[in-house]
1. Treat each spin label as a single point 7 Å out from the Cα along the C-beta direction, and report the GLU143 to LYS179 distance in nm.
2. Relative contact order of the chain: what whole-number percent is it, with Cα pairs under 8 angstrom and at least 6 residues apart?
3. Before I look further, what does the chain give for accessible area per residue, probe 1.4 Å, in whole square angstrom?
4. About its Cα centre, what dipole magnitude does region 98-210 give when the only charges are +1 on Lys and Arg Cβ and -1 on Asp and Glu Cβ, stated in debye to the nearest 20?
5. Between GLU206 and ALA37, what is 0.36 nm times their sequence separation minus the Cα-Cα distance? Round to one decimal in nm.
6. Whose amide H sits under 5 Å from the amide H of ILE29, counting only residues 5 or more places off or on another chain, with H placed in the peptide plane?
7. If I model a spin label at GLU192 and MET1 as a point 7 Å from the Cα along the Cα→Cβ vector, what separation in nanometres do I get?
8. Cα-based Rg (one decimal) and Dmax (whole number) for region 116-165, in Å?
Amino acid sequence: MNIILLGAPGAGKGTQAEVICKALNIPTISTGNMLRAAVKAGTEYGLKAKAAMDAGDLVSDDIVIGILKDRIAEPDAQNGFILDGFPRTVPQAEALDAMGVKIDKVIEIYVPDETIQQRLSGRRVCLDCGATYHTAFKPSKVEGVCDVCGKPIVIRKDDEPATVISRLQTYHKSTAPLKDYYGKQGKLVTVEGQDKVEDTSKIVLEAVKA
Ligand code: AP5
Ligand code: ZN
(Lines give C-alpha, C1' and ligand atoms only; values in the text may rest on other atoms or scores of the structure.)
(Ligands and ions follow the chains in the order given, each with its own letter.)
Protein backbone atom coordinates (compact mmCIF):
# COMPACT_ATOMS: atom_id res chain seq x y z
CA MET A 1 0.00 0.00 0.00
CA ASN A 2 1.33 3.44 -0.94
CA ILE A 3 0.21 6.23 1.38
CA ILE A 4 0.78 9.98 1.33
CA LEU A 5 0.63 11.96 4.57
CA LEU A 6 -0.38 15.54 3.94
CA GLY A 7 -0.51 18.35 6.47
CA ALA A 8 0.98 21.61 7.64
CA PRO A 9 4.43 21.71 9.25
CA GLY A 10 4.04 20.30 12.75
CA ALA A 11 0.66 18.67 12.05
CA GLY A 12 2.10 15.34 13.19
CA LYS A 13 2.98 13.64 9.88
CA GLY A 14 6.30 12.26 11.15
CA THR A 15 4.76 11.18 14.45
CA GLN A 16 1.90 9.28 12.78
CA ALA A 17 4.19 7.87 10.07
CA GLU A 18 6.11 6.03 12.82
CA VAL A 19 2.84 4.38 13.91
CA ILE A 20 1.64 3.37 10.40
CA CYS A 21 5.12 2.13 9.54
CA LYS A 22 5.02 -0.34 12.48
CA ALA A 23 1.38 -1.35 11.88
CA LEU A 24 1.78 -2.08 8.15
CA ASN A 25 5.48 -2.95 8.15
CA ILE A 26 6.30 -0.57 5.32
CA PRO A 27 9.01 2.13 5.35
CA THR A 28 8.47 5.83 5.86
CA ILE A 29 10.06 7.98 3.21
CA SER A 30 10.53 11.48 4.61
CA THR A 31 12.01 13.98 2.16
CA GLY A 32 12.62 16.34 5.10
CA ASN A 33 14.73 13.72 6.91
CA MET A 34 16.60 12.84 3.71
CA LEU A 35 17.34 16.50 3.03
CA ARG A 36 18.53 17.08 6.61
CA ALA A 37 20.82 14.05 6.30
CA ALA A 38 22.20 15.48 3.04
CA VAL A 39 22.82 18.86 4.68
CA LYS A 40 24.59 17.15 7.58
CA ALA A 41 26.72 15.07 5.20
CA GLY A 42 27.52 18.17 3.08
CA THR A 43 26.55 16.49 -0.20
CA GLU A 44 26.07 18.57 -3.34
CA TYR A 45 22.29 18.67 -3.12
CA GLY A 46 22.49 19.15 0.66
CA LEU A 47 24.44 22.35 0.09
CA LYS A 48 21.87 23.52 -2.47
CA ALA A 49 18.93 22.68 -0.17
CA LYS A 50 20.25 24.26 3.03
CA ALA A 51 19.43 27.92 2.34
CA ALA A 52 15.84 27.16 1.31
CA MET A 53 15.28 24.91 4.35
CA ASP A 54 16.72 27.44 6.81
CA ALA A 55 14.42 30.13 5.38
CA GLY A 56 11.32 27.93 5.56
CA ASP A 57 11.03 27.83 1.75
CA LEU A 58 10.68 24.74 -0.41
CA VAL A 59 13.69 23.07 -1.96
CA SER A 60 13.45 23.04 -5.77
CA ASP A 61 11.18 20.42 -7.32
CA ASP A 62 13.95 18.87 -9.45
CA ILE A 63 16.21 18.15 -6.43
CA VAL A 64 13.40 16.65 -4.35
CA ILE A 65 11.89 14.63 -7.21
CA GLY A 66 15.38 13.23 -7.96
CA ILE A 67 16.00 12.01 -4.39
CA LEU A 68 12.48 10.60 -4.10
CA LYS A 69 12.81 8.67 -7.36
CA ASP A 70 16.06 7.04 -6.19
CA ARG A 71 14.60 6.20 -2.79
CA ILE A 72 11.43 4.48 -4.04
CA ALA A 73 13.55 2.30 -6.32
CA GLU A 74 15.24 0.71 -3.28
CA PRO A 75 14.31 -2.90 -2.38
CA ASP A 76 12.54 -2.10 0.92
CA ALA A 77 10.07 0.20 -0.87
CA GLN A 78 8.75 -2.43 -3.28
CA ASN A 79 5.87 -3.60 -1.04
CA GLY A 80 4.56 -0.14 -0.26
CA PHE A 81 5.64 3.00 1.57
CA ILE A 82 4.47 6.06 3.45
CA LEU A 83 5.42 9.40 1.94
CA ASP A 84 5.93 12.02 4.65
CA GLY A 85 6.49 15.51 3.21
CA PHE A 86 6.23 14.55 -0.47
CA PRO A 87 4.61 15.67 -2.72
CA ARG A 88 4.51 19.28 -1.57
CA THR A 89 3.63 20.96 -4.86
CA VAL A 90 1.36 20.06 -7.77
CA PRO A 91 4.39 19.49 -10.09
CA GLN A 92 5.76 16.99 -7.52
CA ALA A 93 2.41 15.12 -7.51
CA GLU A 94 2.42 15.10 -11.31
CA ALA A 95 5.99 13.74 -11.28
CA LEU A 96 4.87 10.89 -9.01
CA ASP A 97 2.05 10.06 -11.46
CA ALA A 98 4.51 10.22 -14.36
CA MET A 99 6.77 7.69 -12.55
CA GLY A 100 3.79 5.29 -12.58
CA VAL A 101 3.48 5.24 -8.78
CA LYS A 102 -0.03 4.21 -7.74
CA ILE A 103 -1.18 6.07 -4.63
CA ASP A 104 -3.82 4.24 -2.58
CA LYS A 105 -4.61 6.87 0.05
CA VAL A 106 -3.81 10.44 0.93
CA ILE A 107 -4.34 11.18 4.61
CA GLU A 108 -4.50 14.84 5.52
CA ILE A 109 -3.79 15.53 9.19
CA TYR A 110 -5.56 18.79 9.95
CA VAL A 111 -4.30 21.05 12.74
CA PRO A 112 -5.05 24.80 12.87
CA ASP A 113 -2.11 27.21 12.54
CA GLU A 114 -2.44 28.41 16.18
CA THR A 115 -1.67 24.91 17.52
CA ILE A 116 1.32 24.52 15.18
CA GLN A 117 3.42 27.24 16.87
CA GLN A 118 3.00 25.56 20.26
CA ARG A 119 3.89 22.15 18.88
CA LEU A 120 6.99 23.26 17.03
CA SER A 121 8.35 25.33 19.90
CA GLY A 122 8.53 22.17 22.03
CA ARG A 123 9.71 19.77 19.34
CA ARG A 124 13.03 17.97 19.73
CA VAL A 125 14.46 15.68 17.06
CA CYS A 126 17.20 13.12 16.71
CA LEU A 127 19.34 14.09 13.73
CA ASP A 128 20.75 10.59 13.69
CA CYS A 129 17.65 8.36 13.36
CA GLY A 130 14.92 10.97 12.73
CA ALA A 131 12.83 10.15 15.85
CA THR A 132 10.66 13.05 17.05
CA TYR A 133 9.83 14.16 20.60
CA HIS A 134 8.01 17.00 22.34
CA THR A 135 9.07 18.47 25.68
CA ALA A 136 5.47 18.41 26.99
CA PHE A 137 3.50 15.98 24.80
CA LYS A 138 6.04 13.27 23.98
CA PRO A 139 9.16 13.60 26.13
CA SER A 140 12.11 11.25 25.68
CA LYS A 141 12.74 8.88 28.61
CA VAL A 142 16.04 10.60 29.43
CA GLU A 143 16.06 14.35 28.83
CA GLY A 144 18.05 15.31 25.74
CA VAL A 145 18.69 11.69 24.67
CA CYS A 146 17.00 9.73 21.86
CA ASP A 147 15.04 6.67 23.13
CA VAL A 148 15.72 4.83 19.87
CA CYS A 149 19.45 5.29 19.28
CA GLY A 150 20.84 7.04 22.37
CA LYS A 151 22.16 10.05 20.43
CA PRO A 152 21.45 13.66 21.53
CA ILE A 153 18.11 15.23 20.56
CA VAL A 154 18.07 18.86 19.43
CA ILE A 155 15.85 21.77 18.35
CA ARG A 156 15.44 21.91 14.56
CA LYS A 157 16.88 25.08 13.05
CA ASP A 158 13.69 25.80 11.10
CA ASP A 159 11.52 25.62 14.26
CA GLU A 160 12.29 29.23 15.24
CA PRO A 161 8.95 31.14 15.42
CA ALA A 162 9.69 33.46 12.45
CA THR A 163 10.67 30.51 10.24
CA VAL A 164 7.57 28.59 11.31
CA ILE A 165 5.43 31.50 10.03
CA SER A 166 7.15 31.31 6.60
CA ARG A 167 6.72 27.54 6.52
CA LEU A 168 2.99 27.89 7.23
CA GLN A 169 2.64 30.49 4.45
CA THR A 170 4.50 28.21 2.06
CA TYR A 171 2.22 25.34 3.04
CA HIS A 172 -0.99 27.27 2.36
CA LYS A 173 0.27 28.64 -0.94
CA SER A 174 2.10 25.68 -2.50
CA THR A 175 1.01 22.48 -0.74
CA ALA A 176 -2.66 22.98 0.22
CA PRO A 177 -3.70 22.84 -3.52
CA LEU A 178 -2.83 19.12 -3.34
CA LYS A 179 -6.01 18.59 -1.32
CA ASP A 180 -7.94 19.45 -4.45
CA TYR A 181 -5.61 17.39 -6.65
CA TYR A 182 -6.16 14.20 -4.63
CA GLY A 183 -9.75 15.07 -3.65
CA LYS A 184 -10.69 14.96 -7.34
CA GLN A 185 -9.12 11.48 -7.56
CA GLY A 186 -11.26 10.35 -4.57
CA LYS A 187 -8.16 9.50 -2.50
CA LEU A 188 -8.20 12.21 0.16
CA VAL A 189 -9.24 11.46 3.75
CA THR A 190 -8.98 14.30 6.28
CA VAL A 191 -8.48 13.46 9.95
CA GLU A 192 -8.46 15.86 12.92
CA GLY A 193 -4.95 16.02 14.34
CA GLN A 194 -5.60 17.98 17.49
CA ASP A 195 -6.26 15.10 19.87
CA LYS A 196 -3.58 13.28 21.84
CA VAL A 197 -1.00 11.40 19.73
CA GLU A 198 -2.55 7.97 20.55
CA ASP A 199 -6.10 9.12 19.74
CA THR A 200 -5.00 10.61 16.43
CA SER A 201 -3.14 7.37 15.66
CA LYS A 202 -6.36 5.41 16.08
CA ILE A 203 -8.24 7.51 13.51
CA VAL A 204 -5.28 7.58 11.16
CA LEU A 205 -5.03 3.76 11.25
CA GLU A 206 -8.78 3.42 10.72
CA ALA A 207 -8.50 5.72 7.69
CA VAL A 208 -5.57 3.70 6.32
CA LYS A 209 -7.36 0.37 6.72
CA ALA A 210 -10.82 1.55 5.52
P1 AP5 B 1 9.83 18.43 6.77
O2 AP5 B 1 10.85 17.78 7.61
O3 AP5 B 1 8.96 17.60 5.92
O4 AP5 B 1 8.99 19.42 7.69
P5 AP5 B 1 7.44 19.81 7.75
O6 AP5 B 1 6.52 19.38 6.68
O7 AP5 B 1 7.52 21.24 8.00
O8 AP5 B 1 6.91 18.92 8.81
P9 AP5 B 1 7.44 18.77 10.21
O10 AP5 B 1 8.51 17.72 10.26
O11 AP5 B 1 7.80 20.12 10.74
O12 AP5 B 1 6.14 18.35 11.00
P13 AP5 B 1 5.33 17.00 11.11
O14 AP5 B 1 3.99 17.19 10.48
O15 AP5 B 1 6.13 15.80 10.67
O16 AP5 B 1 5.10 16.99 12.68
P17 AP5 B 1 5.79 16.10 13.82
O18 AP5 B 1 5.27 14.71 13.77
O19 AP5 B 1 7.25 16.31 13.84
O20 AP5 B 1 10.53 19.49 5.78
C21 AP5 B 1 11.50 20.41 6.23
C22 AP5 B 1 11.96 21.29 5.09
O23 AP5 B 1 12.55 20.46 4.05
C24 AP5 B 1 10.86 22.05 4.36
O25 AP5 B 1 10.56 23.28 5.00
C26 AP5 B 1 11.48 22.23 2.96
O27 AP5 B 1 12.42 23.27 2.95
C28 AP5 B 1 12.22 20.93 2.76
N29 AP5 B 1 11.40 19.90 2.08
C30 AP5 B 1 11.00 18.70 2.59
N31 AP5 B 1 10.27 18.02 1.70
C32 AP5 B 1 10.19 18.82 0.59
C33 AP5 B 1 9.54 18.69 -0.66
N34 AP5 B 1 8.80 17.60 -0.96
N35 AP5 B 1 9.67 19.71 -1.55
C36 AP5 B 1 10.39 20.80 -1.27
N37 AP5 B 1 11.01 21.01 -0.10
C38 AP5 B 1 10.92 20.01 0.83
O39 AP5 B 1 5.10 16.82 15.09
C40 AP5 B 1 5.46 18.14 15.47
C41 AP5 B 1 5.63 18.23 17.01
O42 AP5 B 1 4.36 18.06 17.64
C43 AP5 B 1 6.54 17.12 17.60
O44 AP5 B 1 7.25 17.65 18.67
C45 AP5 B 1 5.54 16.05 18.07
O46 AP5 B 1 6.06 15.29 19.14
C47 AP5 B 1 4.34 16.90 18.49
N48 AP5 B 1 3.07 16.24 18.23
C49 AP5 B 1 2.74 15.46 17.16
N50 AP5 B 1 1.46 15.04 17.26
C51 AP5 B 1 0.96 15.59 18.42
C52 AP5 B 1 -0.31 15.55 19.08
N53 AP5 B 1 -1.34 14.84 18.56
N54 AP5 B 1 -0.45 16.24 20.24
C55 AP5 B 1 0.58 16.96 20.76
N56 AP5 B 1 1.80 17.03 20.19
C57 AP5 B 1 2.00 16.36 19.03
ZN1 ZN C 1 17.73 8.63 17.42
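1. Label at GLU143, label at LYS179, 3.9 nm between them.
2. Numbers: 300 pairs, mean separation 63.6, N = 210.
Across the chain, relative contact order equals 30 percent.
3. Values: 10480 Å² over 210 residues.
Here the residues of the chain average 50 Å² of exposed surface.
4. Values: 18 positive and 16 negative charges, 67 e Å.
The dipole magnitude comes to about 320 debye.
5. Details: separation 169, 0.36 × 169 = 60.84 nm, distance 3.18 nm.
Gain on extension, GLU206 to ALA37, equals 57.7 nm.
6. For ILE29, whose amide H was placed from the backbone, the distant partners under 5 Å are ILE82, LEU83, ASP84.
7. Spacing of the two 7 Å Cα→Cβ label points: 2.3 nm.
8. Rg then Dmax for region 116-165, in Å: 10.6, 31.
The values are calculated or read from the model by the stated rules, or taken from the named source; none is laboratory data. Small disclaimer: the values here were computed from a predicted structure and weren't measured. In this analysis, Cβ positions are derived from the backbone assuming ideal geometry, glycine residues included, and neighbour counts consider all displayed protein chains. Just the protein is used for accessible areas: all its heavy atoms, side chains included, with ligands, DNA and RNA removed. Shrake-Rupley method; radii C 1.70, N 1.55, O 1.52, S 1.80 Å.
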